[in-house]
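The values are calculated or read from the model by the stated rules, or taken from the named source; none is laboratory data. Bear in mind that the values here come from a model prediction, so they are computed numbers and not experimental data. Here the Cβ is made from the backbone with ideal geometry for all residues, glycine too, and neighbour counts use every protein chain on show.
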Amino acid sequence: MNARPTERQIKAALDAKTKPPGSLGRLEQLAQRMARIQGTLTPTVERPRVVLFAADHGVSASASAVSAYPREVTAQMLANFAHGGAAVCVLAASAQAQLELVDVGVDADTHHLPRVLQDKVSRGSHHLGERAALDRAELEHALAAGARAFARAQAASCDLLVLGEMGIGNTTSASALLSALLGLSPALTTGAGTGVSGKALARKRQIIRTALARNAGKRLSPEQILSEYGGLEIAALVGALLASYRARIPVLIDGFIVTVAALLAVKIEPELSHALIYAHRSDERGHRHALAALGAEPLLDWQMRLGEGSGATLAIPRCRAAARILCEMATFESAAVSGG
């Protein structure tokens, strides 16, 4: 494998282009990051891939009512993804990206759905307000499922990976994880999710308080926090992120839920942070806290909170444009332009 270019070499390559140094602003910063991660002065975004993990949550039981949508919507939306009807399907096609769908814990039989890979050990997590959301076997399987998905992307010569998720109740899980990781009140980490407000939002926050109280005073590792409050799709996201460590594949981080998964993965493997690109700032309440903890400045701020990997998929063309600046833009020397 070729030696990675130094920061000085990447900057010099950009400064040699026919423009005043730094005049393309954040586009140049993104080009530098793409070159740094891929380890080349000629980065590419020709084979982007979106991997979406789907699973159900114990906290989405009807008695809990933490979502504006019932539990069965997870399976229904997975069918919608499979048939190309969801936002991420449209955005992936627009960005010329492959879309992989992985059932890591949907509470339904999804074998009949086209394009859906089966990699689940159980039909959803346990109720995080009552007990640990994932037992050890479930956690390990979900982490390994994420690693397997990354391996498939790598085998397909993916040069930019987007991670997405689907699971009714997963903003409750992500908010609980964020509160546990950063010691923040659920009032600061818990937002509307699919659109809850009033009593439903108060109930959502109370469930998280109850869950956090179960481990009050304990020093939990990131893996233990994931076991206590995570979902199978969130654990799969963490597994995929950890598998990407040292690979020369940039990973575009989506909104709130994927950012919380990234925070968990970085807590486990701090060096991983150098391979991540944060796509957008979600309108979900806790996202700004997760981004601040990671020192991240997202590419976009379009007030999105859909999930699915939609915001990150929207950022693929920005990454492609940044890569092409390094690869295709003329230099002062090649264009015979004075001043370089």
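Somewhere in segment 220-232, is a residue of a type in the set (Val, Ile, Thr) and in contact (Cβ under 8 Å) with a residue 60 or more places away in the chain? Steps first, please.
Applying the first criterion (of a type in the set (Val, Ile, Thr)) to segment 220-232 yields 225.
With the extra rule that they be in contact (Cβ under 8 Å) with a residue 60 or more places away in the chain, the set shrinks to none.
No: segment 220-232 contains no residue that is of a type in the set (Val, Ile, Thr) and in contact (Cβ under 8 Å) with a residue 60 or more places away in the chain.
From the set of residues in segment 33-73 that are farther than 30 Å from ALA108 by Cα and over 21 Å from the mean Cα position of the chain (by Cα), which is surrounded by the most Cβ atoms within 10 Å (Cβ to Cβ)?
Within segment 33-73, the match that is surrounded by the most Cβ atoms within 10 Å (Cβ to Cβ) is PRO43.
Of all residues in segment 111-147, how many are within 16 Å of the chain's Cα centre (by Cα) and closer than 25 Å to ALA79 by Cβ?
Within segment 111-147, residues that are within 16 Å of the chain's Cα centre (by Cα) and closer than 25 Å to ALA79 by Cβ number 3.
List, please: which pairs have Cβ atoms under 7 Å, are six or more places apart or on different chains, and start with a residue in segment 10-22 that is in contact (Cβ under 8 Å) with a residue 24 or more places away in the chain and end with one that is acidic (Asp, Glu) and in a helix (DSSP H, G or I)?
What qualifies is LEU14/GLU28.
Given the options LEU252, LEU276, LEU242, name the one that is more than 22 Å from ALA322 (Cβ to Cβ), under 13 Å from the mean Cα position of the chain (by Cα) and modelled with pLDDT of 95 or more. Let's see the steps before the verdict.
On the way: LEU252 fails: more than 22 Å from ALA322 (Cβ to Cβ); LEU276 fails: more than 22 Å from ALA322 (Cβ to Cβ).
One residue alone meets the criteria, LEU242.
Going by the structure shown, is ARG219 in a loop (DSSP other than H, G, I, E, B) and out of contact with any helix residue (DSSP H, G or I) (no Cβ under 8 Å at 6 or more places or on another chain)? I'd like the intermediate steps shown before the answer.
Numbers: in a loop (DSSP other than H, G, I, E, B): yes; out of contact with any helix residue (DSSP H, G or I) (no Cβ under 8 Å at 6 or more places or on another chain): yes.
So ARG219 passes the test.
Among the helices (runs of 4 or more DSSP H) confined wholly to segment 103-203, which include 3 or more residues that are at pLDDT 95 or above and closer than 13 Å to GLY231 by Cβ?
Per the criteria, 136-155, 170-182.
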